[in-house]
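The values are calculated or read from the model by the stated rules, or taken from the named source; none is laboratory data. For clarity, every value in this text was computed on a predicted model and none was experimentally measured. Cβ placement follows ideal geometry from the backbone for every residue including glycine, while neighbour counts extend to all protein chains displayed.
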Amino acid sequence: MRKLFIRANECPDCPEPEFESRDLETPWSTEDRKVRCPFKKPGDELQSLYSCNGLVCVTLYHRHCMEDLDIYIWNPSTQFFTKLPASPLQVQRAPSIRCDGFGYLSATGDYKVLISSDSEQYIFSSNTDIWKRIEVPFRLWTKDAGTLSNEALHWIRRVDKKMLAFDLTHEKFRTMLLPDPGSGWRTMDMDLGDFRGCLCALDCLNRHTGFIDLWVMKEYNVSESWTKLFTLKISDRPVIMPRLRLIMVMETSTVLEKGTFDEEGGDECMLMLVKSGHEEEKFETQVTIKAPRRLAGS
């Protein structure tokens, strides 16, 4: 299966709502491919975009009524999409509805979507086509979507240096331990991913030096199995990086999204993709967004 990175067009009023798709395994000298979104209308506000097993879960507010949130599952390759039935949260127009994750169960072919608002959380099953309320014993304390690995969704709990995991099969939460890189590490310096079916963690504590570490949990839910697998080069020299996000861990390289200020001392903040090799200190970059430095925190 091709490894694709899909990013929404930043122009909400463009006549043809588009996404930009990049094949992460091809040379980065090639241009991004434009993908038309068949249900996103000009002016619609995209809230989230999560992928799993070749499908994308899209949540957006429609321009005609910004209180109405719709959720779609979409195949960008075939353009097939389906709109999910409204959840109780959507019917009630609950405030601050967010998508917490999107996952797939191989044994049953079931796609599941997790959403929440304040203290309520619901899960959708594509096999039953219904939403079900679930008990949440822990507050997520994050707006990030869960990372899918081992048919469970995972979040970093910033308050206690642990992970929260949601088992998609049994629909139960549990806590797990993060790797311990040593003194001085903070949860804000970590991000989660999946490598060869194993949960992995990116340690970005020393990102300003131009190097970061990739850890892998070789045996799922066994904290002693955390192993530092690669040290990745992401810059030729020390640079201020206010943002670093794991996109995908592939067989021979890792792709990240890096936020940085203009290395030549200019007045721009840039978002770029970085592909770093696992076996040698080589990397390549591609700028995706440039903005004035004063907007870096907006």
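All of (1) surrounded by fewer than 15 Cβ atoms within 10 Å (Cβ to Cβ); (2) in a strand (DSSP E or B); (3) touching a His at 6+ places or on another chain (Cβ under 8 Å) hold for Phe230 with one exception: (1). The lone criterion from (1) closer than 16 Å to Pro85 by Cβ; (2) buried (at least 16 other Cβ atoms within 10 Å of the Cβ); (3) of a type in the set (A, V, I, L, M, F, W, C) left unmet by Leu164 is number (1). Looking only at strands (runs of 3 or more DSSP E) that fall completely inside segment 25-135, which ones have 1 or more residues that are modelled with pLDDT of 85 or more and out of contact with any helix residue (DSSP H, G or I) (no Cβ under 9 Å at 6 or more places or on another chain)? Fully inside segment 25-135 and qualifying: 45-52, 55-62, 65-74, 81-83, 98-105, 110-117, 120-125, 130-134.
A residue that is among the aliphatic types (A, V, I, L, M), outside any strand (DSSP E or B) and modelled with pLDDT under 80 occurs somewhere in segment 240-253. Can you give me the number of residues within segment 256-298 that are touching a Ser or Thr at 6+ places or on another chain (Cβ under 8 Å), part of a strand (DSSP E or B) and either under 17 Å from Leu214 (Cβ atoms) or modelled with pLDDT of 75 or more (or both)? Looking only at that region, the number is 10.
Scanning segment 144-177 for residues that are at pLDDT below 90, over 15 Å from Val113 (Cα atoms) and in a loop (DSSP other than H, G, I, E, B) yields Arg158, Val159, Asp160, Lys161.
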